[in-house]
Amino acid sequence: VVYEQEGVFIHSSCGKNDDQDNLIAGILRVIEKENEVVVDWRPLDETLDTSNILCAGKDSSSVVEWTQTPKEKCSRGADRPSSYEAEWDMVTTVSFKKKPHSNGDATTHANRESKWSFLFSLTDLKSIKQNKEGMGWSYLVFCLKDDVKLPALHFHHGDSKSLIKCLEKHVALNESPHDERVLLVKTQKSLSQSFENLFDEPSYGLLQKWKKDPYIVTMGKFSKVTNYIVGTLRSSDQSNQRRPPSEMADFFNDTIPGLKINQQEEPGFEVITRIDLGKQPEVSRREPVSAEEWAKNMDSEGRILDVDYIKRLIFKGGLCHTLRKEAWKFLLGYFPWNSTKEERANLQKRKTDEYFRMKLQWKSVSEEQEKRNSRLRDYRSLIEKDVNRTDRTNKFYEGEDNPGLILLHDILMTYCMYDFDLGYVQGMSDLLSPVLYVMENEVDAFWCFVSYMDQMHQNFEEQMQGMKTQLIQLSHLLRLLDSGFCSYLESQDSGYLYFCFRWLLIRFKREFSFQDILRLWEVMWTELPCQNFHLLLCCAILESEKQQIMDKHYGFNEILKHINELSMKIDVEYILCKAEAISMQMMNCKELPQTVSEILGIENSSVTPDSDTGEDESGAELGCPTSLYQSISTPVIAANGTRDGAQQAAETQSLTPA
């Protein structure tokens with residue numbers, strides 16, 4: 001229920017105003033269902049037989065039948081104020097044809113009033129007429145697409161404007177050019193049945209929802225973008241089909257305050273369009289880290305001997321699946337890299353106790369308590385909704401009453417206790433799902449998720465600071481990499497890079513297959529070869545699609561549609577190679593702009609070409625920057641189980657700061 005108002009009356013006859021029997025008090029609700037939004041009015045009488053409620057569905061005329069009943073007609077009162085229109089008369093001269101009751105001879109007062117109950121879908125709404133009574137209150141008349149007019153609703157206590165505002169979130173309402181009292185529903189035409197989920201909602205309402213909550217819309221309907229929305233963003237005037245880039249930027253700046261994506265060279269903007277990055281080097285990847293390689297890099301007490309070395313191996317090839325359950329705990333920061341096996345066991349014991357104390361907090365909340373805790377209710381409702389549609393095709397989560405779904409729900413609810421200020425925001429279930437899949441343990445999955453959320457926290461904060469920063473940083477990187485492509489995107493109103501929003505929000509979770517995401521995330525968690533490597537992954541994807549976008553002269557909506565349709569079609573190994581090659585290009589650039597250096601966390605001393613350092617065979621074989629991967633070969637383990645001190649010092653010396 002997104003709107004509810006009591007004291008909304010239907011005047012059932014044209015008798016005197018003080019005749020209370022002629023005023024039917026009711027409650028008006030706007031209800032969001034899975035595939036539609038409905039408006040529902042019914043009398044307040046609790047004994048109302050719900051079988052009498054008439055529902056205006058797709059074909060309203062087949063559900064609601066209006067008949068003129070002369071015996072119900074009465075002459076219009078002489079003292080009736082002149083503001084009473086034809087619709088007011090209509091209320092007194094029509095009745096519903098209702099299904100016969102099993103106790104058809106019963107003619108109770110409730111049944112007499114229930115004939116006025118109605119319910120209709122907003123998809124069937126044609127117009128709304130607004131007017132004011134002489135007594136001071138306003139009334140509304142809904143007209144459906146088959147020209148059926150519903151009884152006038154009188155707002156004796158005011159607040160009809162809030163209903164209009166609520167409806168405007170779901171449908172576009174425009175003032176009639178012929179009558180300023182009439183609001184017409186603007187209709188849209190769907191262009192492709194392959195995007196049926198998007199077409200359930202008018203584009204105007206969709207964009208209003210985006211401005212209100214970009215997370216929910218991005219994860220839902222707005223993630224499927226077609227020409228369907230372009231009418232909202234551009235003028236209907238064919239002579240002015242493209243809005244100025246600055247105006248488009250203003251729209252998204254209103255949505256995400258503080259998001260400043262340069263649409264042109266401005267005073268103070270660092271011009272980087274003439275910098276030559278050179279040719280992208282060839283990059284190859286290795287096989288995933290094996291259990292044997294992992295074990296060889298661990299001493300007798302369970303300490304990792306060379307953290308940097310093992311991270312480089314993971315960056316270049318990922319992990320075999322059997323290692324993920326253990327290695328992810330290190331990569332995410334749940335286990336300290338220098339901890340012993342015994343220390344990790346003690347840590348898990350403490351964390352288990354802490355987890356179940358927090359879980360008990362929400363488990364022990366009674367129904368009565370929860371009724372007085374709206375935030376907890378909202379968190380629970382959203383979590384239950386999201387859990388039921390997260391990775392349901394994966395065997396770990398498929399089917400009804402799946403234990404994986406229960407764990408997903410419980411971990412997310414417990415996280416609300418851990419960070420009640422943030423609570424739950426749509427998209428978090430996508431981040432937790434692969435972690436739980438790998439850990440197969442409620443407690444370990446929770447603490448790994450906590451560590452992951454520490455990295456991603458700003459993405460989900462109300463001010464969206466993380467998303468603002470990343471979109472701006474991505475714009476800087478893409479402009480350096482290919483200023484021509486950047487200019488083309490800007491010319492097509494796409495310079496704000498909104499189509500990357502979902503990529504950044506949940507780290508490509510919905511762009512790659514489930515198994516590919518496991519590989520991609522573990523590579524990113526190494527934090528190699530530089531800061532913000534995920535932004536270079538965005539650059540790699542966009543650069544790989546540049547030729548098609550530019551050769552086919554894609555416009556605003558075609559770009560959005562094309563990027564969206566890349567989902568599940570991207571080769572993860574190819575993109576990892578390309579992103580690494582881009583990082584090498586930038587790290588080897590002698591004239592790297594300071595802004596880009598700060599984004600990638602590259603010190604000035606390390607921004608040098610490969611030719612300035614020696615070439616190592618192992619680094620060349622792996623196709624890596626030699627300054628970053630000089631000591632990628634298997635470390636030498638001394639007889640006592642520790643690394644040779646001289647070699648360890650030499651290899652540490654060779655590492656490039658990141």
Response to the item:
Inside the range 381-404, the number of residues satisfying the requirement of being part of a helix (DSSP H, G or I) and within 20 Å of the chain's Cα centre (by Cα) is 7
Worksheet item: Can you tell me which residue in the range 463-491 is most open to solvent (accessible area, probe 1.4 Å), limited to those that are modelled with pLDDT under 90 and more than 19 Å from Glu598 (Cα to Cα)?
Response: Gln463
Discussion item. Tell me yes or no: at least one residue of the range 304-322 is open to solvent by 70 Å² or more (accessible area, probe 1.4 Å) and basic (Lys, Arg).
Written reply: no
Discussion item. Can you report the number of residues in the range 415-427 which are open to solvent by less than 10 Å² (accessible area, probe 1.4 Å), part of a helix (DSSP H, G or I) and touching a residue at least 40 places away in the same chain (Cβ under 8 Å)?
Written reply: 1
Discussion item. Out of the residues in the range 560-569 meeting the condition of being of a type outside the set (D, E, K, R) and surrounded by fewer than 20 Cβ atoms within 10 Å (Cβ to Cβ), tell me which one is nearest to Arg324 (Cα to Cα).
Written reply: Met568
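Would you point out which residue out of Ser494, Ser433 is over 24 Å from Leu576 (Cα atoms), within 20 Å of the chain's Cα centre (by Cα) and in contact (Cβ under 8 Å) with a residue 40 or more places away in the chain? I'd like the intermediate steps shown before the answer.
Working: Ser433 fails: over 24 Å from Leu576 (Cα atoms).
Testing whether each residue is over 24 Å from Leu576 (Cα atoms), within 20 Å of the chain's Cα centre (by Cα) and in contact (Cβ under 8 Å) with a residue 40 or more places away in the chain leaves just Ser494.
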Worksheet, complete the sentence: Checked pairs for the range 318-341, first within 19 Å of Ala445 (Cβ to Cβ), second of a type in the set (Ser, Thr, Tyr), C-beta under 6 Å and 6 or more apart or across chains, list as Leu332/Ser451; Leu332/Tyr452; Gly333/Ser451; Tyr334/Ser451
Worksheet item: Between a first residue in the range 503-514 that is within 15 Å of Phe460 (Cα to Cα) and a second residue that is open to solvent by less than 10 Å² (accessible area, probe 1.4 Å) and of a type in the set (Gly, Ala, Ser), which pairs have beta carbons less than 6 Å apart while being 6 or more apart in sequence or on different chains?
Response: Leu505/Gly427; Ile506/Gly427
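I'm trying to understand the selection: among the residues of the range 446-500, which are polar (S, T, N, Q) and part of a helix (DSSP H, G or I)? Steps first, please.
As a first pass, look at the range 446-500 and keep what is polar (S, T, N, Q): 451, 455, 458-459, 463, 465, 469-470, 473, 475, 483, 487, 491-492, 494.
Answer for the range 446-500, where residues must be polar (S, T, N, Q) and part of a helix (DSSP H, G or I): Ser451, Gln455, Gln458, Asn459, Gln465, Thr469, Gln470, Gln473, Ser475, Ser483, Ser487, Ser491.
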Practice prompt. Find the residue count for the range 326-359, including only residues that are open to solvent by 30 Å² or more (accessible area, probe 1.4 Å), within 27 Å of Ile406 (Cβ to Cβ) and not small (Gly, Ala, Ser).
Written response: 10
Worksheet entry | Residue count, the range 321-357 (criterion: among the hydrophobic types (A, V, I, L, M, F, W, C) and in a loop (DSSP other than H, G, I, E, B)) | 3
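Is one or more of the residues making up the range 518-527 among the β-branched types (Val, Ile, Thr) and modelled with pLDDT of 95 or more?
Yes, the range 518-527 contains a residue that is among the β-branched types (Val, Ile, Thr) and modelled with pLDDT of 95 or more.
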Worksheet entry | Search result, residues across the range 139-167 that are among the polar types (S, T, N, Q) and within 20 Å of Lys126 (Cβ to Cβ) | Ser160
Item to complete: Consider only pairs whose beta carbons are under 9 Å apart and that are at least six residues apart or on different chains; among these, list those whose first residue lies in the range 344-371 and is of a type in the set (Val, Ile, Thr) and whose second residue is not in a helix (DSSP H, G or I).
Response: Val365/Asn373
Worksheet item: Restricting to helices (runs of 4 or more DSSP H) lying wholly in the range 513-603: which have 2 or more residues that are farther than 19 Å from Phe501 by Cβ?
Response: 514-524, 533-551, 572-587, 594-600
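Taking the range 440-462, which residues are closer than 20 Å to Asn532 by Cβ, open to solvent by 10 Å² or more (accessible area, probe 1.4 Å) and in contact (Cβ under 8 Å) with a residue 60 or more places away in the chain?
Within the range 440-462, the first condition is being closer than 20 Å to Asn532 by Cβ, and the residues that meet it are 451-461.
Filter once more, so that each one left must be open to solvent by 10 Å² or more (accessible area, probe 1.4 Å): 451, 454-455, 457-458, 461.
Within the range 440-462, Ser451, Asp454 meet the criteria.
The values are calculated or read from the model by the stated rules, or taken from the named source; none is laboratory data. Computed from a prediction, not measured in an experiment: that's the story for all the values here. Reconstructed Cβ throughout: ideal geometry from the backbone, glycine too, with neighbour counts over all protein chains shown. Accessible surface is based on the protein model in full, side chains and every heavy atom, while ligands, DNA and RNA are left aside. Shrake-Rupley method; radii C 1.70, N 1.55, O 1.52, S 1.80 Å.
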